[in-house]
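Report on one structure; see the data block that follows.
The values are calculated or read from the model by the stated rules, or taken from the named source; none is laboratory data. For clarity, every value in this text was computed on a predicted model and none was experimentally measured. Here the Cβ positions follow ideal geometry from the backbone for every residue, glycine too, while neighbour counts run over all protein chains shown.
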Amino acid sequence: MKKQKITKTAVVAVVGRPNVGKSTLANAFAGEKVTIVSPKPQTTRTRVYAVTSRAGIQFVFVDTPGFHTPKNRLDEYMEGAVKSSFGGADAVLYIIDRDRQDDELERLIRDSAIPAILVINKIDALESKAELLPVIERYSAAFEHIVPISAQKGDGVEGLLELLSSYAKDGEALFPEGMTTDQSDSAVVGELIREKLLICLNQEIPHGTAVEITKFSERIDTEIIDVEATIYCERQSHKRIIIGKNGAALKRVGEMARRDIERFMGAKVFLQTWVKVKEDWRDRPGLIKEFGYVSDR
Ligand SMILES: Nc1nc2c(ncn2[C@@H]2O[C@H](COP(=O)(O)OP(=O)(O)O)[C@@H](O)[C@H]2O)c(=O)[nH]1
Ligand SMILES: [Mg+2]
């Protein structure tokens with residue numbers, strides 16, 4: 001089937017409290033993992049675009065860090081990324097789940113005057129659909145459209161795209177056909193490694209990590225990609241935990257990450273990782289910037 005030429009675009013901001021499933025939904029739209037997901041809040045640090053198209057319309061979803069009160073300089077940067085995602089958006093998806101909703105964010109959305117759709121995620125985890133009723137009732141005055149979905153199972157995702165079609169504006173494609181994100185391959189790869197740290201490590205430690213890709217190259221005449229990554233953490237004690245006994249913890253992270261990187265790149269990957277300490281980097285603007293958290297406001 002011949003692809004239809006893009007004649008319209010819709011830029012859609014995806015906002016909500018940490019952990020409601022914003023990134024899971026962005027990946028469901030993109031059709032692959034372009035933005036990382038974990039059960040821990042504050043997984044997403046930067047604004048990431050997820051791109052897809054249907055029937056001549058290109059949709060650009062702006063995945064954002066969860067909205068929460070800043071505790072350090074990195075948090076302040078993330079809050080800025082949420083607020084700036086509204087600018088220029090054709091529509092906003094305000095994602096909630098049964099337990100996570102946010103009055104302050106609701107006010108921000110209303111004040112922005114951008115068309116907003118309320119999305120209730122994780123309906124697969126409900127005992128009964130009746131649990132949705134009080135939530136729908138609470139929001140029915142404020143939102144014209146309320147859409148229950150399961151981002152994880154993909155239920156309701158196509159319906160959302162259809163609904164969003166009406167907010168598309170005439171214009172040429174914003175991204176080349178087939179592109180699913182604005183992130184470079186090496187940026188996605190760094191994030192996939194950070195995702196495994198979030199999944200494998202307890203409590204605060206992974207929140208204090210940053211991953212720098214120092215080598216990313218395809219071998220000549222083979223399909224193998226060599227990746228070298230440095231994991232930065234905030235304390236010597238954290239470094240010991242990340243590496244683990246005889247390197248076992250780091251090995252597990254590396255193996256899990258390599259599988260995801262291979263899926264994303266569609267090639268065999270040889271991954272090497274190092275761990276370094278940069279004390280309190282999350283409060284040091286120079287280091288925050290060095291790790292790629294550059295403000296685009
Ligand atoms: N049961 C269920 N879990 C979900 C769904 N969407 C996301 N999650 C889980 O919720 C957690 C947070 O997801 P994530 O996309 O990182 O949330 P974000 O912080 O809003 O970006 C992860 O453990 C996801 O697997 C869903 O539709 N159903
Ligand atoms: Mg996220």
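In summary, helices (runs of 4 or more DSSP H) completely within the range 113-232 and bearing 3 or more residues that are closer than 25 Å to G16 by Cβ and in the same structural domain as P18 (by TED's automatic domain parsing) occur at 132-139, 157-165.
Checked against the criteria, E106 counts as buried (at least 17 other Cβ atoms within 10 Å of the Cβ), over 22 Å from A125 (Cα atoms) and more than 15 Å from the chain's Cα centre (by Cα). The residues of the range 13-43 that are under 10 Å from the mean Cα position of the chain (by Cα) and of a type in the set (A, V, I, L, M), listed by number, are V14, L25, A26, V34, I36, V37. If a residue has to be acidic (D, E) and free of Cβ contacts under 8 Å to residues at least 60 places away in the same chain to count, how many in the range 255-285 make the cut? Final tally of qualifying residues: 4. In a residue-by-residue description of the range 197-214, the property of being among the acidic types (D, E) and buried (at least 20 other Cβ atoms within 10 Å of the Cβ) applies to no position. Across the range 20-36, which residue is surrounded by the fewest Cβ atoms within 10 Å (Cβ to Cβ) among those that are under 10 Å from N121 (Cβ atoms) and not β-branched (V, I, T)? Looking at residues that are under 10 Å from N121 (Cβ atoms) and not β-branched (V, I, T), I get G21. Looking at the range 118-145 only, could you name the residues that are closer than 20 Å to F67 by Cα and within 16 Å of ligand 1 (Cβ to nearest atom)? The answer is L118, V119, I120, N121, K122, V135.
Taken as a whole, the range 215-222 holds no residue that is touching a residue at least 12 places away in the same chain (Cβ under 8 Å) and small (G, A, S). Filtering the range 15-59 to residues that are among the β-branched types (V, I, T), within 13 Å of ligand 2 (Cβ to nearest atom) and more than 16 Å from E191 (Cα to Cα) leaves V15, V20.
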